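Bear in mind these aren't lab numbers, they're just calculated from the coordinates by the rules spelled out. Bear in mind that the values here come from a model prediction, so they are computed numbers and not experimental data. Glycine gets a Cβ as well: all are built from the backbone with ideal geometry, and neighbour counts include every protein chain shown.
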Amino acid sequence: MKIYTKKGDQGQTSLIGGKRVAKNDIQIEAYGTVDELNSWIGLIRDDNAEMVDLRTQLLEIQDRLFTIGSLLAVAEDGTKMQLPELHASDISYLENAIDSMNENLAPMTSFVLPGGHVAVSHCHIARCVCRRAERLVVALQQVQPKFDLVLQYLNRLSDYLFVLSRKLTSDLKANEIPWKPRM
């Protein structure tokens, strides 16, 4: 299989189902941002490879992000191709992981500044990319109202990434710096 086809040389690409669209179409932006997020998750996984439970969670999340990417890549008219599905249980998986991590964390008393350790910073960057993906899917949902579960998953994933940043701050004994607004 050749990597290059030259079909995109004029700024167009194909959605699943065959429809050609501009490479800056909102649908391409949405699944491209999910792909970027998936890469950041991979970096977080690599940063913390010795944490087996975390690695398992992140691999599951990466799998779900590939599923989301495929769902976002389907032309509005649909496809006959069988694709993986996203389920409410995928959202519950994130919620359970968040609750488990939160059990051992100090209560939040203020916003915290991103940073403190490279692994923590990677979580914050992934959280921001996740929020961008969510905003793009909201825009796509306005013209193709079929992404309710995707929106829920991305919203919960950004929460997961924030709690993960706090967990890693604690585990790595990094300094969590509260934001103190100047008045």
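With a cap of 15 neighbouring Cβ atoms within 10 Å, and only residues DSSP puts in a loop, list the GluC sites (Glu not before Pro) found in the stretch 47-113.
Sites meeting the loop and neighbour criteria: GLU50, GLU76, GLU85, GLU103.
What lysines sit close enough to LYS80 to cross-link, taking a C-alpha to C-alpha distance under 17 Å and skipping anything fewer than 8 places away on the same chain?
LYS19, LYS146
Within 10 Å of each residue's Cβ, count the other Cβ atoms and sort THR56, THR79 from fewest upward.
Taking fewest neighbouring Cβ atoms as first place, the list is THR56, THR79.
Using a Förster radius of 45 Å, what is the FRET efficiency between MET81 and MET183 based on their Cβ-Cβ separation? Nearest 0.05, please.
Efficiency computed from Cβ-Cβ geometry: 0.20.
Whole number please: convex hull volume per residue of the Cα set in the chain, in Å³?
It comes to 159 Å³ per residue, whole-number rounded.
Using only DSSP helix segments of four residues or longer, with each worth -39500 (n - 2.57), what per-residue ellipticity at 222 nm results for the chain after dividing by its residue count and rounding to 500?
One gets -20500 deg cm²/dmol as the mean residue ellipticity at 222 nm.
Apply the Karplus curve 6.51 cos²θ - 1.76 cosθ + 1.60, θ = phi - 60°, to the phi angles in the stretch 133-140 and return the couplings in whole Hz, x for Gly and Pro.
Those phi angles translate into 4, 4, 4, 5, 5, 4, 4, 5 Hz.
How far is the Cα center of the stretch 106-183 from the Cα center of the stretch 1-69, in Å?
Measuring centre to centre over Cα atoms gives 19 Å.
So which chymotrypsin sites (Phe, Trp or Tyr not before Pro) in the stretch 33-139 pass both tests, a DSSP loop state and at most 16 other Cβ atoms within 10 Å of the Cβ?
Sparse-neighbourhood loop chymotrypsin sites (Phe, Trp or Tyr not before Pro): PHE111.
Add +1 for every Lys or Arg and -1 for every Asp or Glu among the other residues with Cβ under 15 Å from the Cβ of LEU105, and state the total.
-2
Give me the percent relative contact order of the stretch 1-135, please, defined on Cα pairs under 8 angstrom at least 6 residues apart.
31
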